[in-house]
1. From the list Ala317, Ala304, Ala286, Ala310, exactly one residue is farther than 19 Å from Ile343 by Cα and either among the charged types (D, E, K, R) or modelled with pLDDT of 80 or more (or both). Which is it?
2. Every residue in region 310-358 that is within 21 Å of Phe21 (Cβ to Cβ), in a helix (DSSP H, G or I) and either open to solvent by 60 Å² or more (accessible area, probe 1.4 Å) or among the polar types (S, T, N, Q) (or both), please.
3. Does at least one position in region 106-113 carry a residue that is crowded, with 24+ Cβ neighbours inside 10 Å, more than 24 Å from Met178 (Cα to Cα), of a type in the set (A, V, I, L, M, F, W, C) and touching a helix residue (DSSP H, G or I) at 6+ places or on another chain (Cβ under 6 Å)?
4. For region 260-303, how many residues meet the condition of being among the aliphatic types (A, V, I, L, M), out of contact with any Pro (no Cβ under 6 Å at 6 or more places or on another chain) and over 29 Å from Ile346 (Cα atoms)?
5. Give the residues of region 308-332 that are more than 21 Å from the chain's Cα centre (by Cα) and without any contact (Cβ under 8 Å) to a residue 12 or more places away in the chain, sorted by residue number.
6. Quick check: is even one residue across region 246-263 open to solvent by less than 20 Å² (accessible area, probe 1.4 Å), out of contact with any Ser or Thr (no Cβ under 7 Å at 6 or more places or on another chain) and under 26 Å from Ile412 (Cβ atoms)?
7. Output the residue which, of all residues in region 359-413 that are assigned to a helix (DSSP H, G or I) and basic (Lys, Arg), is surrounded by the most Cβ atoms within 10 Å (Cβ to Cβ).
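The values are calculated or read from the model by the stated rules, or taken from the named source; none is laboratory data. Treat the numbers as computed from the prediction; the structure is a model and nothing was measured. Ideal geometry is used to build each Cβ from the backbone, glycine not excepted, and the neighbour counts take in all protein chains shown. Accessible surface is based on the protein model in full, side chains and every heavy atom, while ligands, DNA and RNA are left aside. Shrake-Rupley method; radii C 1.70, N 1.55, O 1.52, S 1.80 Å.
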Amino acid sequence: MTLSIGLLMFPALMICIFIGFPVAFSLMGVAVFFGYYRFGDALVHQLVAKVDDVASYYVLAAVPLFIFMGTMLERAGIAEKLFEAIHLWTRRLPGGLAVGTVLLCVVFAAASGVVGATESVVGLLAIPVMLRYAYDKGLISGTICAGGSLGTIIPPSVVVVILGPVADVSVGDLFVGMLIPGLMLAGLYIVYIVVRCIIRPQDGPSLPPDENDPSFIQKIIITATALVPPLILIFAVLGTIMLGWATPTEAAAMGAIGTVLMTIFYGSFNLGIMQEAFFKTLQITAMILTILLGGVMFAGVFVALGGISAVQNLLEAAQLGPWATMLILMLIAFIAGFVLDLISIILIIIPVSVAVLRAMGVDDVWFCIMFLVVIQTSYLTPPMAPAIFYLRGISPPEIRLVDMYKGVLPFIALEFICLGLIMAFPDLALKLPELLFERVARGTPY
């Protein structure tokens, strides 16, 4: 009886979300309803303990710090200088403006870790330029949406700071392990853009020479001025984690200070920008932590009702091996991305998935990185598709919704190619954590 009650929590949650209740309050409401039905007043003590657990996740202190980095970079005008510097080198390539846009997204994602900030800032800069040179509207849409969502899989990612505690996996291991897959995915985007624009030059023409083009020495100076400070910031955050000099929270604090110093260096700092960044940080952090608290409450009641055991029993009865189980769980995550936001997917699916796969000998870091690639598609797949909604908010009327939907499809396919490579070659995700942290891989489904 207990097991069936636990399994009923998921359909009840989906009903609440489809009715229109906010995700955080749906998670909390379902947890309270089922928990009170089963445990009565004793539920209060359990939920208070869950609130205390969230408050004691010291790594979550990195969340507002990374968000502050992203909001400061978004408002300080730093992306404009990066955009100019990167396109100096890529504009002669087939699809060079789109290639430079992906590279800018990589740098911006590595410097901030916030997806929405990356797409909004880069889109406002890149869309008018690509339209001016008659780039295909689908290519423009796909490049901005896919490039902007790289903040999910390129460290430091706010999403990973949430994923780590929920999966009981080291955030440092995830940051380091996702580096190669993230850069590999960006590389696939660039290869696709170049090949497409070689085959169909009209989709992304290279820019003709201009008599006002800067000399090689001037390009070096412009690039160094624009790129070196963000690279120092990236090293202060990601480099210190990889070298073992700082925890993710300490690195995020250095990044927040570095972002302020960088805005001062570029002459774009003022108290108004700082105030806007603080308010935006407070708003986003409150939203994320409220959803996280709801997810922890939901997961706690689900486990107490025997939900994990019920899922394990169902999988054992189906006699599925590790590979089949893993593929089914990732398929569920992919489908959930059509209707749920990314953090909700993590909070609902990860506790069950990690518990089941860990018992089958699947390495936690390997699965979590593959899971990140899968849920990155949730930014691109309608009807939820946050990346498309961000793009609609900043794009001119001539870029239609149908252009956006058609434009993201090839990039979704590239994400599945990246996923297949990580599945086939686990060392892409596991080798760096093993080398840098002397981490021992805890098994794969081989």
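1. On the way: Ala317 fails: either among the charged types (D, E, K, R) or modelled with pLDDT of 80 or more (or both); Ala286 fails: farther than 19 Å from Ile343 by Cα; Ala310 fails: either among the charged types (D, E, K, R) or modelled with pLDDT of 80 or more (or both).
Ala304 is the lone residue from the list that is farther than 19 Å from Ile343 by Cα and either among the charged types (D, E, K, R) or modelled with pLDDT of 80 or more (or both).
2. Passing the criteria: Ile335, Ser344.
3. Checking region 106-113: not a single residue is crowded, with 24+ Cβ neighbours inside 10 Å, more than 24 Å from Met178 (Cα to Cα), of a type in the set (A, V, I, L, M, F, W, C) and touching a helix residue (DSSP H, G or I) at 6+ places or on another chain (Cβ under 6 Å).
4. Keep residues of region 260-303 that are among the aliphatic types (A, V, I, L, M), which gives 260-262, 264, 271, 273-274, 277, 282, 284, 286-289, 291-293, 296-297, 299, 301, 303.
From what is left, the residues that are out of contact with any Pro (no Cβ under 6 Å at 6 or more places or on another chain) are 260-261, 264, 271, 273-274, 277, 282, 284, 286-289, 291-293, 296-297, 301, 303.
Cutting the leftovers down to over 29 Å from Ile346 (Cα atoms) gives us 260-261, 264, 271, 273-274.
Counting residues in region 260-303 that are among the aliphatic types (A, V, I, L, M), out of contact with any Pro (no Cβ under 6 Å at 6 or more places or on another chain) and over 29 Å from Ile346 (Cα atoms) gives 6.
5. In the first step, residues of region 308-332 are kept if they are more than 21 Å from the chain's Cα centre (by Cα); the result is 308-325, 328.
Correct list: Leu314, Glu316, Ala317, Ala318, Gln319, Leu320, Ala324, Ile328.
6. No; the residues of region 246-263 include none that is open to solvent by less than 20 Å² (accessible area, probe 1.4 Å), out of contact with any Ser or Thr (no Cβ under 7 Å at 6 or more places or on another chain) and under 26 Å from Ile412 (Cβ atoms).
7. At the first step, the residues of region 359-413 found to be assigned to a helix (DSSP H, G or I) are 359, 364-379, 386-394, 401-413.
Checking which are basic (Lys, Arg) leaves us with 392, 406.
Details: Arg392: 14, Lys406: 16.
Per the stated criteria, the residue is Lys406.
Listed here are the residues, each with its yes/no results for (1) in contact with a helix residue (DSSP H, G or I) (Cβ under 9 Å, 6 or more places away or on another chain); (2) of a type outside the set (Val, Ile, Thr); (3) assigned to a helix (DSSP H, G or I); (4) at pLDDT 85 or above.
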{"position": "Tyr192", "(1), (2), (3), (4)": "yes, yes, yes, yes"}
{"position": "Cys197", "(1), (2), (3), (4)": "yes, yes, yes, yes"}
{"position": "Asp210", "(1), (2), (3), (4)": "no, yes, no, no"}
{"position": "Ile217", "(1), (2), (3), (4)": "no, no, yes, yes"}
{"position": "Ile221", "(1), (2), (3), (4)": "no, no, yes, yes"}
{"position": "Ala226", "(1), (2), (3), (4)": "yes, yes, yes, no"}
{"position": "Ile241", "(1), (2), (3), (4)": "yes, no, yes, no"}
{"position": "Glu250", "(1), (2), (3), (4)": "yes, yes, yes, yes"}
{"position": "Met254", "(1), (2), (3), (4)": "yes, yes, yes, yes"}
